[in-house]
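Notes follow once the structure below has been shown.
The values are calculated or read from the model by the stated rules, or taken from the named source; none is laboratory data. Note that this is a predicted model, so its numbers are computed, not measured. Virtual Cβ from ideal backbone geometry, glycine too; neighbours counted across all protein chains shown. Just the protein is used for accessible areas: all its heavy atoms, side chains included, with ligands, DNA and RNA removed. Shrake-Rupley method; radii C 1.70, N 1.55, O 1.52, S 1.80 Å.
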Amino acid sequence: MGSEGGEKKALGWAARDPSGVLAPYSYTLRSTGADDVYIKVICCGICHTDIHQIKNDLGMSNYPMVPGHEVVGEVVEVGSDVSKFTVGDVVGVGVIVGCCGSCKPCSSELEQYCNKRIWSYNDVYTDGKPTQGGFADTMIVNQKFVVKIPEGMAVEQAAPLLCAGVTVYSPLSHFGLMASGLKGGILGLGGVGHMGVKIAKAMGHHVTVISSSDKKKEEAMEHLGADDYAVSSDPAEMQRLADSLDYIIDTVPVFHPLEPYLACLKLDGKLILMGVINTPLQFLTPVVILGRKVISGSFIGSIKETEEVLAFCKEKGLTSTIETVKIDELNTAFERLSKNDVRYRFVVDVAGSNLVEEAATTTS
């Protein structure tokens, strides 16, 4: 590959400006090395973070940008030093594709917290080439950042676990919240939230969904298996939850007050923030001090934790609730996602889509 296999082209769907509109885009893959895996993309999940990136909500977007970081594909070629994978393996690629390898997070197998991490897209690789994501026919990724999909797991079910699934699993594991009998809250019932309900229930937790309205109550209780449901705008409902929860996983990606949820936590309870929000959040300190409560953030998960959550979901028979779309439906899917009009994760059928139709000729 690379010097071993020659230059490789790719065809994806890219945003070209902050309008976030995606269209076909052809480009050259980054230079490759002996530790790299060449992957034919089968499918890729759509994450709310993709919206922030394609629309430059965080002021750090570079165009043209091929998004997508819940990638499942088939290995079609490996470098000479690749030992983890062979041709034909079904594999996954998540949010990051590089790190420094020498800092404390890297040496602790927490490479997602490396200050020199390299994002799957909207970043620059070590060779100076832009990274591009999974809404494309192929990717080249260092073997360290590739995971094997368990045998028998449907590829479209595996995709959301590479971000949404591990994002929930990681803090539960890190904070010692995997024991059965705990009481947990899931704030927000979207792509991450619905996996939070399923994973926490599989760990034996009593799970309460907290949402801004009651429109998802039936879905949460009857289909996802939640034990309780509370409407955050109803003071009586929130009072009922006061001092009752061991943790709350906060998946809401827009500004919201923290005090109502902090009040739901027991002594030493933890509010774990996951939503990417570009507006400062506020809270009054007594609600934290008087219960020795913790406000923490958690970012995706490590490669090790990604492998663990895949194995956990396979063992427990957990599946994501998804809607599959073709790649030419991407723009509609993003519009719907921005309105929370999806149950609960879009997965793009890349291999079954016509990427060539009206393909752009621009090469990067």
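Quick notes
- Between the residues 60, 197, 182, the greatest Cα displacement towards the positive end of the dipole of the chain, with unit charges on the Cβ of Lys, Arg, Asp and Glu, is found for 182.
- Here the average projected area of the convex hull drawn through the C-alpha atoms of the range 29-135 stands at 7.1 nm².
- With 0.36 nm allotted per residue and the present C-alpha distance subtracted, the residue 174-residue 299 stretch has 43.9 nm of extension available.
- Full extension of the chain between residue 7 and residue 76 gives 23.3 nm of extra length, using 0.36 nm per residue less the Cα-Cα distance.
- Prolate/oblate/rounded call for the range 164-297, Cα gyration tensor, a/c under 1.5 rounded: rounded
- For the range 182-258, the list of chymotrypsin sites (Phe, Trp or Tyr not before Pro) that fall in a loop by DSSP and count at most 13 other C-beta atoms within 10 angstrom reads 255.
- From phi via Karplus (6.51, -1.76, 1.60), per-residue ³J(HN,Hα) for the range 323-330 in Hz, x at Gly/Pro: 10, 8, 10, 7, 5, 6, 9, 4
- Counting only protein heavy atoms and using a 1.4 Å probe, the accessible area of residue 57 comes to about 60 Å².
- Of the listed residues 284, 224, the order by accessible area with a 1.4 Å probe, largest first, is 284, 224.
- A simple count of charges around residue 43, restricted to other residues whose Cβ falls under 9 Å of its Cβ and scoring Lys, Arg +1 and Asp, Glu -1, yields -3.
- Surface share of carbon and sulfur [accessible, 1.4 angstrom probe, percent] for the chain: 51
- Accessible-area ranking of 65, 238, largest first, probe 1.4 Å: 238, 65
- About the centre of its Cα atoms, the range 164-297 shows a dipole size close to 300 debye [charges on the beta carbon of Lys, Arg (+1) and Asp, Glu (-1) only; nearest 20 debye].
- Of the GluC sites (Glu not before Pro) in the range 266-364, those whose Cβ has at most 10 other Cβ within 10 Å and which sit in DSSP loop: 357, 358
- Selection among 133, 145, 10 by position relative to the dipole of the chain gives 145 as farthest towards the positive end (Cβ unit charges, Cα centre).
- Taking the longest Cα principal axis of the chain as reference, the axis of helix 191-202 is set at about 60 degrees.
- Two-site FRET efficiency, residue 107 against residue 214, from Cβ-Cβ distance with R₀ of 51 Å, rounded to 0.05: 0.60
- The modelled label-to-label distance between residue 236 and residue 223, using points 7 Å beyond Cα along the C-beta direction, is 2.8 nm.
- Where only DSSP H runs of four or more residues are counted, the chain gives -5500 deg cm²/dmol as its mean residue ellipticity at 222 nm, each run worth -39500 (n - 2.57).
- For residue 338 and residue 126, the difference between the fully extended length at 0.36 nm per residue and the C-alpha to C-alpha distance is 73.0 nm.
- Whole-percent pair-distance distribution, where bins are 20 Å wide, for the alpha carbons of the chain: 30, 57, 13, 0
- In the chain, the longest principal axis of the Cα atoms and the axis of helix 303-316 are about 70 degrees apart.
- Centroid-to-centroid separation of the range 153-215 and the range 25-58 [C-alpha atoms, Å]: 25
- Net charge dipole, the chain: roughly 720 debye, given to the nearest 20, about the Cα centre with Cβ charges of +1 for Lys and Arg and -1 for Asp and Glu.
- Surface per residue (accessible, 1.4 Å probe) for the range 110-251, Å²: 37
- Debye, to nearest 20: dipole size of the range 63-182, +1 on Lys, Arg Cβ, -1 on Asp, Glu Cβ: 460
- Residues considered: 287, 252, 348. Largest GNM mean-square fluctuation over the chain, using C-alpha springs under 10 Å, is found at 287.
- Efficiency of FRET between residue 34 and residue 331 - r from beta-carbon atoms, R0 45 angstrom, step 0.05: 0.70
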